[in-house]
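What follows is a short report on a single structure.
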Amino acid sequence: MVDFAILGPALVLVLIGILEVAMLMLSQILLQTAVGDAARSGIVGTGRDGLSRTELIRRVAERVGGTLLEPERLHLDTLVYPSFDSIGRPEPFTDVNGNGRHDAGEPFTDVNGNGSWDTDMGASGPGGPDAVVLYRVRYDWRPMTPFLRGLLPGGGALELRASYAVRNEPFPGG
């Protein structure tokens, strides 16, 4: 009885920790599966059941998450790039003063067409035929137990991320 009184709370904490880590890992796997399935759905260039491509992509990602991933905390976005090697790269610019970074007034190529220089040249959207598209998903994961939520910074939420890059099929109509 005395041994259990001493070791019981520690054992319960270890078991809770194991369950929380397992749920975190499962959430990350579901998130990666969701973004992969969403990318495979968006690659063909057509919607289904009266849905636009963007709506279809979102629905597929939400369906994969099932009941474990809450749809309101699932953030999906797509960025279109000219090629795979341009993913995550800044828009090209002329470094007039030679300091190695873009400064206001320096000329640049507006790859994404938004009128300003960006550190990431990706344009928002699902892309047209043969476009390179990066699918990104963020999810604010919260532990099941209030005890662990209190130990984590930011109100007990961890941001999980997953991404998937594909080239769209050469579908007609763009």
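The values are calculated or read from the model by the stated rules, or taken from the named source; none is laboratory data. What you are looking at is a predicted structure, and each value in this text was computed from that prediction instead of being measured. So basically every Cβ, Gly included, is an ideal-geometry build from the backbone, and we count neighbours across all protein chains shown. Surface areas here come from the heavy atoms of the whole protein model, side chains and all, with no ligands, DNA or RNA. Shrake-Rupley method; radii C 1.70, N 1.55, O 1.52, S 1.80 Å.
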Exercise. If you rank His102, His75 by how much accessible surface each has, with a 1.4 Å probe, what is the order from largest down?
Worked result: His75, His102
Seminar exercise, completed: Note to self: with every protein chain in place and a 1.4 Å probe, the stretch 45-174 gives an accessible area per residue in Å² of 57 Å²
Exercise. In a GNM of the chain with a 10 Å cut-off on Cα contacts, which of Val35, Val14, Val133 has the highest mean-square fluctuation?
Worked result: Val14
Problem set entry | Cα centroid of the stretch 117-174 to Cα centroid of the stretch 1-64, whole Å | 14 Å
Exercise. What angle do you read, to the nearest 10 degrees and between 0 and 90, between the alpha-carbon axis of helix 53-65 and the longest principal axis of the chain?
Worked result: 20 degrees
Exercise. In degrees between 0 and 90, to the nearest 10, how far off the longest principal axis of the chain does helix 2-42 point, with axes built from Cα atoms?
Worked result: 20 degrees
Seminar exercise, completed: For the stretch 1-148, shape from the Cα gyration tensor axes a ≥ b ≥ c, cut at a/c of 1.5 then a/b versus b/c, turns out oblate
Exercise. In debye to the nearest 20, how big a dipole does the stretch 55-174 give about its Cα centre with +1 on each Lys and Arg Cβ and -1 on each Asp and Glu Cβ?
Worked result: 660 debye
For this session: Please find, in a Gaussian network model of the chain (springs between Cα atoms separated by less than 10 Å), the residue of Arg89, Arg138, Arg58 whose mean-square fluctuation is greatest.
Result: Arg89
